[in-house]
Every structure is written in C-alpha cells, then in structure tokens.
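Peer 1: Could you have a look at this structure, given as structure tokens, before my questions?
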Amino acid sequence: MMLPLKENDRPIVKKLLEAGCCARCVLRFCFLEVQSAYRQPYEDTAKELLAFINDEETNVTKDSAVQDQLTKDPPSKKIKLDTAKTDVQAEGDSALVPTVTEEGGARLVKSDVCVVCLGVLQEFCDEAYATKVCFFPFHYYNLYLFYSFSPLLCYVQFIITTLSYLKISKGDWLHYDQGIQYQSKVWTHLLIQGRPCCFAFLDCSEKSLILWLNSFEGAHAPNFVLLPFLLFFFRKFPCPPTRPASKCVAQDVQCLHVSVFVAGRYNKFSRTLPQTPWVIDGERRMESSVEELIAAPLLSSFRAKGFNFSSSGREDVDVRTLGNGRPFALELLNPHRARFNKAEIRQLQETINQSSDKIRVRDLQIVNAMGHMKEGEEDKTKSYSALIWTQKAIDKDDITFLEETKELKLAQKTPLRVLHRRPLTVRERVIHTMSTRFLDAHHFHLVLRTQAGTYIKEFVHGDFGRTKPNLCDLLKTDTDILELDVESVDVDWPPPVPE
C-alpha cells in the first residue's frame, strides 16, 4: 500500500528520521490514523517512508477528502536502500530503521533503536509476536495489541515534537499547519497541569523561548508566555535525543477482553431482598441481593473478573417486582469466554431461576451495550399496586373520586429516607391514572400509573409535607402504605425472547 502522507509531511518525515525515530513513530507524529499502515510488516512501512522522502515525483494521498493541490515536484533524489528481509522478524532480531544520509538520501540500517519507543513498535507489533499471546485462555473474535509507554518517555516525545517545529533548513520555518497535530498529553505532564493547549514556536534564541498558547476553552485572548524552564529542559535533554544503546525487552503480557453485556428482566418476589448489597455503616444487613443472585452464575460461565449491574430504576427492599419484570443489564468485565449460543443462554437463565425462589429472570440475552435502557427513562411510565391504611374510617364512596383524577402533578422534595445519597431538590412528577378497590373501613387497594421516578410511598403518607399534593391531603385523613408492588416497567428493552 501507499502511505497516505501529504506533500507538506515530507520535511517532517525527513527530520524525524534524522532524529532516530522508527517508521511507526514517524507515522504517529504525522498523526496518521490509517490502521492498515501500522498493520503491515515493519520493513514495508520503513521502505515506503524512504521512498516517500526520496521520490522524484510528487506523492498524492489516496484520500480524496484531504488531497492537496501541489504546485511542483520535489527535487530529484537517489534512493539508497540496503537489502532487507521482508519476512516477519522474530523477537530478538535487530529491527530495521530508516536513516537519512548526509548526502540527503536515505537507507535502511540495522541495530538502531528508536529514540521514542525504544524498539517497542519495531519489535512487538508484527504478526509473529501477536501469535505468541494467542495461547491465553480467552475466546475472542479479533486480537488487538496495545502498548503503554512509561511516563519517563514523555520528555522524549516532547523533544521530538519540538524538533518538528524548529528550522528544517536555514531560513526555512515550519508553519503550524505543516507541523504535527499534537495532542496535549505531554504538556499536561510537563508544563501546564490540567490545561490543554496547542502551540506554535514564535522565537527560539539562547536566552528565551516564547510560546503562543492558544486555549481551546473558549473565546480567550491569545497570550504570550515566557517559559525559561524550556531552556533548562533542553540543556539537560539534548535535541535530538541521544540514541539508546539497547532496546526494550518484553517482560510481561496482560490480556484483556472487552466487556460483554448481558441483559434481561427480573421479577422479585421477596420483601426482604434488596436489589444491591445492603451495607450500613460497614455492616451487611441482608444475606444476598438481586444483583448477586443474577451475577453469580454469569460470572462463573463467562469466567469474568467482575461485573457492573444496572437497571431501569430500583425498588426498595420491601417492594416486590411483578408483571413482566424490571429491565436490567450486567457488564461482565474481562470475560475469558464470550461466545454463547441461544441454547446456552437459555440454560444460563434456567440456572439463575433454579438458584433461588426469591427472583426469576426472563428474556436473558447478550446485547451490544446497556445505553438503550437509560434513554428517556424519566419519560417512561410505571405501574404500582399498594395496600393503603387510613386513620379515619372510610366507605367506598370516599375513594371513588381518585379514579376520576387524571394527570395529577406532584412536587416532591427529595425524601428524607434517601436524602443521605440524593441531592436536595424538588422533582416534578405526574400520576397519570389511579384506580381503587375497597377492602374495609380502614384499608383499600390503590393502583397507580405514574411517571418514572415518582416516589409512591411519599405520595401516600406525605413525607411530613415534602410531597404536595399527597394522599393525606386528598382524603383529608392520615394515610400510610402497608405493601407496595411494582406491576410493570414500560421500557421497550431488551426485546422479548421467545420461549
């Protein structure tokens, strides 16, 4: 393939090669995001870079969206390429590094280590090394290699970036649009903590180095900053940096699998089972929880290292979830197994259901992500049934007016029982419909269809007047809730799975 480099990348590439950068680091500093350029064998990339800077004809990028209008061909140069192996190199072999000669040409030399990556991108990014980590007990569709460089290498990357902005030849300055579109990680580490910026060199002398810092944060006026620290920096660290004597050696390989998301709906039949582990003042109050009963079989089958549980709302420990259940999603972290057919997922669902009579799971399936569950959550509706107690004796006619009340708007301050974990605010919620069933002089059933996020218990007893209006106001007597059940959660996710 031809590397999609532009004409104004040519002096940058040459300068970086002179400094001792390997071929893949040159592509990184030229902000080349085409993955195929990094996937091909290293020797091919190195040869294409040398051909690029020595080519007699103007190179035109394949990407028509970024194609430049060139005015003339670069000067003719002779290509000097040493004979090199094109097979994938084995670990421990000397990497080939493209080097610019004093005559202005270029050649491939052996035993040179990249001054930026110290050989990591030369030795450990080819197919031969990737096959060595494939024996790990993971099930995967694709294998990707990621490398984390030591923070100590930040100063080297900073020097190389600086070099790309300095004079290429006498009287010839690089403009910003010719330079590297450099992200600000090095700057946040070395110079300006926590403030991302871009920069261009305006002056470089023995006594001062002036940078123009152009903030990305908004309409701030550009400001000129004198940084004498850089003079001290470059006295300590030469530019270009000194070539390392030896390359990096791989000491450890850590394999990680992308998360797998499992979704479904659960019913909770117990009034003594919390949704998540219930810990108060460091002491656990309940033996188990909904998330633990669901997660245990999944962790074992997927051989995952951990999980994150999420659901469409939550019920109190003494509230049951009936009907078609509450949607939930489980993110399984670093699973060693990720491929399950429909029969195996159905068996997992049955294993969960047989593990306890307190919960039941349905519509279990592997999904791409859990984001759909939270979309427009407050616009959804939920249905509840409650057993109500009244202090004053009532008859059937005293509660029939509730069925005629539609779209009742509530103003609910954060309930006292959750104030320790929720911000103090006033939430506007709507009760769409209510229906009643008279039991006796002090009890009746109340069925409500409400906006998601409505605090039902507080609507019934008023929470010391923090919910207005409330059932006490409507019935003109003190009321309380004895039992509460979630009858339905109207979220169209995850899709139903046929039995």
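The values are calculated or read from the model by the stated rules, or taken from the named source; none is laboratory data. Fair warning: this is a prediction, and the values are worked out from it, not measured in the lab. So basically every Cβ, Gly included, is an ideal-geometry build from the backbone, and we count neighbours across all protein chains shown. For accessibility, only protein heavy atoms count, side chains too; no ligands or nucleic acids. Shrake-Rupley method; radii C 1.70, N 1.55, O 1.52, S 1.80 Å.
Peer 1: Kindly list the number of the only condition in (1) closer than 30 Å to Tyr129 by Cβ; (2) more than 34 Å from the chain's Cα centre (by Cα); (3) modelled with pLDDT of 85 or more that fails for Ala245.
Peer 2: Here Ala245 meets the rest and fails (3).
Peer 1: How many residues are under 25 Å from the mean Cα position of the chain (by Cα) and assigned to a loop (DSSP other than H, G, I, E, B) if we restrict to the stretch 253-294?
Peer 2: Of the residues in the stretch 253-294, 8 are under 25 Å from the mean Cα position of the chain (by Cα) and assigned to a loop (DSSP other than H, G, I, E, B).
Peer 1: Using beta carbons and a limit of 7 Å, which pairs, at least six apart or on different chains, have the first residue in the stretch 453-464 and at positive phi and the second one open to solvent by 10 Å² or more (accessible area, probe 1.4 Å) and acidic (Asp, Glu)?
Peer 2: Gly453/Glu378
Peer 1: Return only the number of the condition from (1) aliphatic (A, V, I, L, M); (2) out of contact with any strand residue (DSSP E or B) (no Cβ under 9 Å at 6 or more places or on another chain); (3) surrounded by 15 or more Cβ atoms within 10 Å (Cβ to Cβ) that Ala343 does not satisfy.
Peer 2: The number of the failed condition is (3).
Peer 1: Report whether or not Gly325 is open to solvent by less than 20 Å² (accessible area, probe 1.4 Å) and free of Cβ contacts under 8 Å to residues at least 40 places away in the same chain.
Peer 2: no
Peer 1: Right, something else. List pairs: first residue in the stretch 476-496 and in contact (Cβ under 8 Å) with a residue 60 or more places away in the chain, second residue among the acidic types (Asp, Glu) anywhere in the structure, Cβ distance under 6 angstrom, at least six positions apart or on different chains.
Peer 2: Going by the 6 Å Cβ cut-off, the qualifying pairs are Val486/Glu315; Pro494/Asp363; Pro496/Asp363.
Peer 1: What's the total number of residues in the stretch 121-146 that are part of a loop (DSSP other than H, G, I, E, B) and either within 26 Å of Phe302 (Cβ to Cβ) or modelled with pLDDT under 70 (or both)?
Peer 2: 13
Peer 1: Give Lys396, Lys409 a once-over and let me know the one that is at negative phi, open to solvent by 80 Å² or more (accessible area, probe 1.4 Å), charged (D, E, K, R) and in contact (Cβ under 8 Å) with a residue 24 or more places away in the chain.
Peer 2: Exactly one of Lys396, Lys409 is at negative phi, open to solvent by 80 Å² or more (accessible area, probe 1.4 Å), charged (D, E, K, R) and in contact (Cβ under 8 Å) with a residue 24 or more places away in the chain, namely Lys396.
Peer 1: Run Phe328 past the list (1) in contact with an Asp or Glu (Cβ under 9 Å, 6 or more places away or on another chain); (2) in a loop (DSSP other than H, G, I, E, B) and report the number of the one that doesn't hold.
Peer 2: (2)
Peer 1: So, Val249, is that one surrounded by fewer than 21 Cβ atoms within 10 Å (Cβ to Cβ), closer than 30 Å to Val116 by Cα and without any contact (Cβ under 8 Å) to a residue 60 or more places away in the chain or not?
Peer 2: For Val249, the condition - surrounded by fewer than 21 Cβ atoms within 10 Å (Cβ to Cβ), closer than 30 Å to Val116 by Cα and without any contact (Cβ under 8 Å) to a residue 60 or more places away in the chain - is met.
Peer 1: Count, please, the residues in the stretch 277-310 that happen to be open to solvent by 80 Å² or more (accessible area, probe 1.4 Å) and touching a residue at least 12 places away in the same chain (Cβ under 8 Å).
Peer 2: Residues meeting the conditions: 3.
Peer 1: Here is a follow-up. Only one residue in Asp490, Asp440 is at pLDDT 95 or above, of a type outside the set (Val, Ile, Thr) and surrounded by fewer than 19 Cβ atoms within 10 Å (Cβ to Cβ), so which one is that?
Peer 2: Going through Asp490, Asp440 in turn, just one is at pLDDT 95 or above, of a type outside the set (Val, Ile, Thr) and surrounded by fewer than 19 Cβ atoms within 10 Å (Cβ to Cβ): Asp440.
Peer 1: Sticking with this one: Being modelled with pLDDT of 95 or more and among the polar types (S, T, N, Q) is the filter here, so list the residues in the stretch 356-369 that pass it.
Peer 2: Selection gives Ser356, Gln365.
Peer 1: Give the residues of the stretch 346-368 that are open to solvent by 30 Å² or more (accessible area, probe 1.4 Å) and farther than 23 Å from Glu315 by Cα, sorted by residue number.
Peer 2: Result: Arg346, Gln347, Glu350, Thr351, Ile366, Asn368.
Peer 1: Please work out if Thr381 is touching a Ser or Thr at 6+ places or on another chain (Cβ under 6 Å) and crowded, with 16+ Cβ neighbours inside 10 Å.
Peer 2: No.
Peer 1: Another question about this same structure. Name, by its number, the condition in (1) part of a loop (DSSP other than H, G, I, E, B); (2) more than 30 Å from Val156 (Cα to Cα) that does not hold for Pro244.
Peer 2: It fails just one condition, (2).
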